[in-house]
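Notes follow the structure.
The values are calculated or read from the model by the stated rules, or taken from the named source; none is laboratory data. The structure displayed is predicted, hence computed values, not measured ones. A quick note on method: Cβ atoms are made from the backbone with ideal geometry, for glycine too, and the neighbour counts reach across all protein chains shown. The protein model used for the area step is the full one, side chains on, heavy atoms only, and it has no ligands, DNA or RNA in it. Shrake-Rupley method; radii C 1.70, N 1.55, O 1.52, S 1.80 Å.
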Amino acid sequence: MKSEAQKPQMNMTDSDHHLSMAPLMGLCLLAVFPCGSLNAAPQEKPNVILIITDDQGYGDIGAHGNPLIRTPNMDQLHAESVRFTNFHVDPTCSPTRGALMSGKYSHRAKVWHTIAGGNHLRANEMTMADVFKASGYRTGMFGKWHLGSNYPYRPIDRGFDEWLGQGDGGTGTTDDYFANDRVNDHYLHNGEFEFRPGYAPDVFCDAAIDYIRDQDHDGQPFFVYLSTYVPHSPHTLADRGWADKYMPTVDPKVAYFFAAIERVDQSLGRLRKALQEEGLAENTTLIFMTDNGGTAGVPFFNAGMKGKKGSPYEGGHRTPFFVHWKKGKLRHGRDVADLTAHFDVLPTLIDLLDLKLPAQADFDGRSFKNQLYQPEKRLPERTLCVEVQRTFEPQKWRGATAMTKRWRLVNGTELYDIQADPGQNRNVFSAHPKVAAKLNRDFDTYWQHVSPGDRDRVVFVVGHERDPETYLQSMDWYAETVPWNHAATSSGASLSGSWHIEAAKAGTYRFEIRRWPKEVNAPITGIPEISKSIDAWDSLGGKATLLYSRNNPVPFKAMPVAAVRLQVGDKQWVQPAHEQESHITIDIPLNEKEYEVTAELLDSDHEVLAGAYYIYCRRLDR
């Protein structure tokens with residue numbers, strides 16, 4: 001975001017101001033927080049590391065009562081942190097990350113799904129990285145982004161100076177390198193694939209440590225966003241032996257899940273050791289959280305909660321949240337029981353660290369800075385809403401919860417007193433009609449607040465100097481069902497969809513249409529020849545081909561492609577495909593405007609076999 005001449009304002013609720021009304025946190029009072037001091041020496045600013053794991057639930061930590069999992073470093077951080085025991089996120093991945101980065105309800109920031117374009121944080125949203133960059137910080141992102149795959153949605157377009165990741169939605173998705181399985185993989189480093197050996201969580205942690213140890217910045221503080229792709233399924237490991245200790249007690253899938261978390265725990269330990277060695281531990285704010293409720297570990301231990309990832313019940317959205325900052329003299333070892341959420345994090349960091357805003361902000365979140373120093377201090381009452389959505393037509397109350405510190409109204413029809421009934425076993429809707437009616441009214445207000453433009457299409461900018469080649473792939477199709485991973489496209493899924501693009505500059509653009517991605521270079525009518533040694537295992541065995549192939553030794557299907565059809569805006573081209581060709585190229589003049597793009601693989605009768613899963617687009621007359 002571009003800086004403005006005057007100091008911008010931030011709209012949010014100050015945790016010192018006690019509200020007697022304002023049922024929604026998104027409709028808060030205005031408060032102006034001071035911008036960062038321009039006279040402070042760079043070394044006086046605390047560094048910040050935000051760690052978020054993928055699909056780890058509240059109960060998947062030893063310190064939360066799990067009797068089996070081994071997480072000594074998470075347990076130590078828990079002991080040395082202010083712990084938020086009533087902290088909530090969205091029930092699925094991208095929405096949580098969108099709210100975290102923007103300080104807004106995910107629905108309002110137009111992040112309503114994990115695929116089909118609904119996972120893109122819109123380009124006009126100011127991000128956490130933008131704020132840190134405007135405040136003089138280096139900004140590095142290591143791991144899973146899941147908020148956009150092409151310009152202007154990638155981390156390096158959203159305030160991060162350094163980015164190391166894999167597929168936007170995860171390892172093995174169609175945006176990822178074809179044969180990645182989390183061990184000895186190719187990684188996107190500032191937008192270009194490069195090979196790095198090792199297990200993915202270790203690779204990301206090592207990269208974060210190298211970034212922290214970089215001495216070429218004269219004491220400039222850093223913001224590191226370390227976002228692991230694990231323990232999301234498939235639960236691949238670099239060593240089958242890591243899961244052995246859990247196998248006698250739990251199902252193999254849970255054993256691999258716990259082993260992946262244990263490996264992340266070891267990375268946390270290495271990271272904290274590096275901070276100590278560099279003399280940075282005392283003045284680094286370290287935050288740990290997860291992106292949604294529990295998954296594979298829920299049947300074994302769920303901390304007494306009902307529900308899991310994707311659920312509107314407590315187990316779907318209540319997650320760990322730890323904050324440690326020794327030099328900041330926070331009340332470490334204490335719990336904050338008040339209702340807090342993911343979109344409170346950015347307003348809190350701005351307040352806590354006196355950060356500078358690059359533009360005027362209109363957050364839905366509010367600061368809980370005071371609770372870091374006085375954990376027992378009550379926050380003003382508010383109604384907080386989380387929901388699942390994942391539909392092309394917005395559906396009110398779909399997988400949704402309106403909550404206060406005491407009450408949970410689920411799907412508009414079930415009411416739970418969470419203090420008296422933390423397991424949500426007794427629906428007291430009929431016994432408390434006034435409470436239910438108020439929460440329903442609050443949700444009505446929320447819905448009106450977040451809904452405008454909520455399904456606006458994502459638009460990729462092609463031919464931009466920051467992203468010369470745009471990679472259009474089927475995970476980003478705007479369609480209700482999409483083949484979002486390479487195993488699905490390899491099986492020849494007979495689905496299709498479209499993308500929206502905008503030309504950065506008028507000119508001739510080349511569309512390279514493929515059945516298989518470039519790195520495979522297989523014939524459009526054939527199948528790839530994949531030769532890889534097995535170096536990754538999950539509970540089903542070794543990964544000989546693709547991460548999501550469920551260990552099918554030949555997960556590839558040849559398709560009788562005789563032609564391709566490309567439609568850009570209101571113009572259409574059909575071109576024959578020859579058997580040994582890996583791709584078809586079509587050059588098209590584009591003006592500086594928005595176009596809808598569809599591409600289809602056709603048989604000899606010009607019937608549609610499937611959408612073209614992979615397209616590469618670039619401007620020729622540069």
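The residue that is surrounded by the fewest Cβ atoms within 10 Å (Cβ to Cβ), among those in the stretch 559-592 that are under 37 Å from the mean Cα position of the chain (by Cα) and acidic (Asp, Glu), is Asp570. For the stretch 425-456, the candidate set comprises residues that are in contact with a His (Cβ under 8 Å, 6 or more places away or on another chain) and modelled with pLDDT of 95 or more; within that set, the residue that is most open to solvent (accessible area, probe 1.4 Å) is Ser451. Among residues of the stretch 522-543 that are free of Cβ contacts under 8 Å to residues at least 40 places away in the same chain and not assigned by the TED database to the domain that holds Tyr256, those with a Cβ under 9 angstrom from a residue that is β-branched (Val, Ile, Thr) and open to solvent by 60 Å² or more (accessible area, probe 1.4 Å), sequence gap 6+ or separate chain, pair up as Ile527/Val554; Gly541/Ile534; Gly542/Ile534. Here Ala359 fits the description: in contact with a Pro (Cβ under 8 Å, 6 or more places away or on another chain), among the hydrophobic types (A, V, I, L, M, F, W, C) and surrounded by fewer than 21 Cβ atoms within 10 Å (Cβ to Cβ). Under 9 Å by Cβ, and 6 or more places apart or on different chains, what pairs join a residue from the stretch 330-343 that is of a type in the set (S, T, N, Q) with one that is crowded, with 22+ Cβ neighbours inside 10 Å and assigned to a strand (DSSP E or B)? From the stretch 330-343, the pairs are Thr340/Phe84; Thr340/Phe87; Thr340/His88; Thr340/Phe321; Thr340/Leu384. One residue stands out among those in the stretch 188-205 that are free of Cβ contacts under 8 Å to residues at least 60 places away in the same chain and surrounded by fewer than 22 Cβ atoms within 10 Å (Cβ to Cβ): the one that is nearest to Tyr613 (Cα to Cα), which is Glu192. Against the definition (modelled with pLDDT of 95 or more and at negative phi), how does Ala544 come out, yes or no? No, not satisfied.
Which strands (runs of 3 or more DSSP E) does the stretch 95-200 wholly contain that include 3 or more residues that are under 13 Å from the mean Cα position of the chain (by Cα)?
138-143
All of (1) at pLDDT 50 or above; (2) over 25 Å from the mean Cα position of the chain (by Cα) hold for Phe33 with one exception: (1). Annotation note: Cβ proximity below 9 Å between a residue of the stretch 415-438 that is at positive phi and a residue that is surrounded by 12 or more Cβ atoms within 10 Å (Cβ to Cβ) and assigned to a loop (DSSP other than H, G, I, E, B) (sequence gap 6+ or interchain) occurs for Gln424/Met305; Gln424/Lys306; Gln424/Gly307; Gln424/Tyr313; Gln424/Ile418. Search the stretch 208-227 for residues being open to solvent by 10 Å² or more (accessible area, probe 1.4 Å) and in contact with a strand residue (DSSP E or B) (Cβ under 7 Å, 6 or more places away or on another chain), and hand back the single one that is farthest from Ile530 (Cα to Cα). My answer is Gln220.
For the stretch 47-82, filtering for residues that are open to solvent by less than 10 Å² (accessible area, probe 1.4 Å) and either of a type in the set (Phe, Trp, Tyr) or on the phi > 0 side of the Ramachandran plot (or both) leaves 1. Of all residues in the stretch 43-65 being out of contact with any helix residue (DSSP H, G or I) (no Cβ under 9 Å at 6 or more places or on another chain) and in a helix (DSSP H, G or I), which is modelled with the lowest pLDDT? Checked the stretch 43-65; the qualifying residue modelled with the lowest pLDDT is Gln43. Looking for something closer than 28 Å to His113 by Cα and open to solvent by 20 Å² or more (accessible area, probe 1.4 Å) - is there at least one such residue anywhere in the stretch 236-251? So far as the stretch 236-251 goes, no, none of its residues is closer than 28 Å to His113 by Cα and open to solvent by 20 Å² or more (accessible area, probe 1.4 Å). Against the condition in contact with a strand residue (DSSP E or B) (Cβ under 7 Å, 6 or more places away or on another chain), in contact (Cβ under 8 Å) with a residue 12 or more places away in the chain and aliphatic (A, V, I, L, M), how does Ile287 come out, does it pass? Yes: the conditions hold for Ile287. Screening Arg366 on (1) among the charged types (D, E, K, R); (2) buried (at least 21 other Cβ atoms within 10 Å of the Cβ); (3) not assigned by the TED database to the domain that holds Cys205 shows it passes everything except condition (3). Inside the stretch 206-261, residues that are closer than 24 Å to Ala544 by Cα and assigned to a strand (DSSP E or B) make up a count of 1.
Does Leu384 satisfy being open to solvent by 10 Å² or more (accessible area, probe 1.4 Å) and either hydrophobic (A, V, I, L, M, F, W, C) or not in a loop (DSSP other than H, G, I, E, B) (or both)? Spelling it out, it is not the case that Leu384 is open to solvent by 10 Å² or more (accessible area, probe 1.4 Å) and either hydrophobic (A, V, I, L, M, F, W, C) or not in a loop (DSSP other than H, G, I, E, B) (or both).
Selection of the stretch 66-94 for residues being of a type in the set (S, T, N, Q), farther than 23 Å from Val254 by Cβ and in a helix (DSSP H, G or I) yields Gln76, Ser94. The one condition from (1) out of contact with any strand residue (DSSP E or B) (no Cβ under 9 Å at 6 or more places or on another chain); (2) free of Cβ contacts under 8 Å to residues at least 24 places away in the same chain that Ala63 does not meet is (1). Counting only strands (runs of 3 or more DSSP E) that sit wholly inside the stretch 541-622, not one has at least 3 residues that are in contact with a Lys or Arg (Cβ under 8 Å, 6 or more places away or on another chain) and among the charged types (D, E, K, R).
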